[in-house]
Amino acid sequence: MKNFLFYFSLILMISCESKSSKTVSEQVKDSTGLSDRPAINNNTLEPTPEFCKNDSLDELACIISGIQTDKPRFYPDVVKKKSFQEFSHTFTRKWSEFDTSRLSLLQTFSRNEIRPNVSKCKTLFYPFSGPDFLYANAFFPDANVYILMGLEPVGSLPVFSADETADSTSNYFNALKKSLHAILNFSFFRTVAMKTDLHDQEVNGTVHLLLLFIKRSEFDICSVKPGFIDTSGQWNTLNNFDDLARKISNNKGVEIIFSDTSGIKKTLYYFSIHLEDGALKHNRNLKNYFGLMGNVTTYLKGASYLMHESYFSEIRNYILKKSSTIVQDDSGIAFRYFKTSEFNWEYSLYGNYVKPISLFSYAYQTDLDSLWKVKGSKSVGFGIGYNFKDKNSNLMIAKKIK
């Protein structure tokens, strides 16, 4: 049996396949040391073009996302497998349908409604997101830094076998298809389903779906590094995903650096983290991280109405304090907390506010219903959130008034 580990340890150590004259040892030194930068207060930094595509990681992302490559260098046997060919065919068709029926509408809404209302903030904060880079990028393509948080584990990069006697990748691609069903059909990840889907032996965390969405969004992968938030609130890189699995920390994460066709680099952080008050109260690392975070734009979708509750007050207050703009459906921060916060807000409303689905019927907001009736709203033009049917969907853009 020919085993394709594809030198993952080397891949993780060398974050970019540089065309400069640096030696391998210099490149390793650049990419494996503990970071001394917060990497979250990126509001005033203007990115400069710097092509940094890592060929092996990028090809891995192509495999995960079902993209056929002309001359695969690192996974030539995997792309020949029947399971990959079938996944590539069916998912490419599914993605094309999603692109024409939903994604283009999201991008148009972003261009016409979100971007004119959002200030020059370059950091997007998306708590309760799971691995949803898809909507984060569609709505906020101008962000330099994306900070996602959820309960789902980070996981690790997949290892594919080149066993010729059996198509050992079939379970992997079946697990991928299962985990993608809700986000592509309903616009949100189902928390209960994710507890099972992302603890799968094959697809063991968010890193798989993050790479899939980043690659399908036509970015090049530069680096993928596991890490954690230290006591000072700084991001620290670990050597590999095995070290992450052994690490005792309630702030585990992954940093993915990627670039667009013009060479502009972007950074995504995903943290597997608990955000209720009981956990935040004892999480000094995360509170220091929030303390270092500059002004952000916050996005909330499919947030299970958690920040309607008293025991999610700390994360709610952080969002209200740190956000220059909040874009959310009604499952985000309850409207009463905007009215009683120390800040003044102006609101732009879209779609229709209707009663929440039966699972969350207790979260109906009479004051939000009154705002909708008095202020009026524009059309959304697509389904989103728990009431994902077009006529029942709603979005609010809350902009802080200075």
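The values are calculated or read from the model by the stated rules, or taken from the named source; none is laboratory data. In this text the structure is predicted, and so the values were computed from the model without any measurement. All Cβ positions, glycine included, derive from the backbone under ideal geometry; neighbour counts span all protein chains shown. Note: accessible area is taken over every heavy atom of the protein model, side chains too, but ligands, DNA and RNA are not part of it. Shrake-Rupley method; radii C 1.70, N 1.55, O 1.52, S 1.80 Å.
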Original post:
Amide H neighbours of S331 under 5 Å, counting only residues 5+ apart in sequence or on other chains, H built in-plane at 1.01 Å?
Top reply: G302, A303
**OP:** Report the GluC sites (Glu not before Pro) located in the stretch 301-354 that are in a DSSP loop and have at most 12 other Cβ atoms inside 10 Å of their Cβ, or state none.
**Re:** E342
Original post:
Which ³J(HN,Hα) values in Hz, rounded to whole numbers, follow from the phi angles of the stretch 108-115 under the Karplus curve 6.51 cos²θ - 1.76 cosθ + 1.60, where θ = phi - 60° and Gly and Pro get x?
Top reply: 5, 4, 4, 5, 8, 10, 6, 4
Original post:
Going by a ≥ b ≥ c, the root eigenvalues of the Cα gyration tensor, does the stretch 92-174 fall in the rounded group (a/c under 1.5), the prolate group (a/b larger than b/c) or the oblate group?
Top reply: oblate
**OP:** Take the alpha carbon atoms of the stretch 371-401, find their center, do the same for the stretch 241-271, and report the distance between the two centers in whole angstrom.
**Re:** 32 Å
Original post:
When all protein chains stay in place, what accessible area (Å², nearest 10, 1.4 Å probe) is found for L306?
Top reply: 50 Å²
Original post:
Could you sort S56, S104, S379 by accessible area so the largest value comes first, with the probe set to 1.4 Å?
Top reply: S379, S104, S56
Original post:
Measuring from label point to label point, each 7 Å out along Cα→Cβ, what is the S310 to D369 span in nm?
Top reply: 2.4 nm
Original post:
Around S393, which amide H atoms from residues at least 5 apart in sequence, or from another chain, sit under 5 Å from its own amide H, with H modelled in the peptide plane?
Top reply: N352, I384
**OP:** Could I have the simple spin-label model distance between I357 and D70, label points 7 Å from Cα toward Cβ, reported in nm to one decimal?
**Re:** 4.4 nm
Original post:
So, in Å, what gap is there between the alpha-carbon centers of the stretch 308-340 and the stretch 78-145?
Top reply: 24 Å
**OP:** Would you mind checking the stretch 125-147 for residues with the amide N under 18 Å from a putative spin-label position 7 Å along Cα→C-beta of S249?
**Re:** 146-147
**OP:** Find how much the distance from K287 to K53 grows on full extension, using 0.36 nm per residue of separation minus their present alpha carbon separation; answer in nm with one decimal.
**Re:** 80.9 nm
Original post:
Expressed as cubic angstrom per residue, what is the convex hull volume of the alpha carbon set of the stretch 216-354?
Top reply: 160 Å³
**OP:** Would you compute the Debye intensity of the stretch 275-402 from its alpha-carbon atoms alone, equal scatterers and no solvent, and pass along log10 I(q)/I(0) at q = 0.09, 0.16 Å⁻¹ to two decimals?
**Re:** -0.26, -0.80
Original post:
Amide H to amide H under 5 Å from Y364: which residues, 5+ apart in sequence or cross-chain, H placed 1.01 Å off N in plane?
Top reply: none
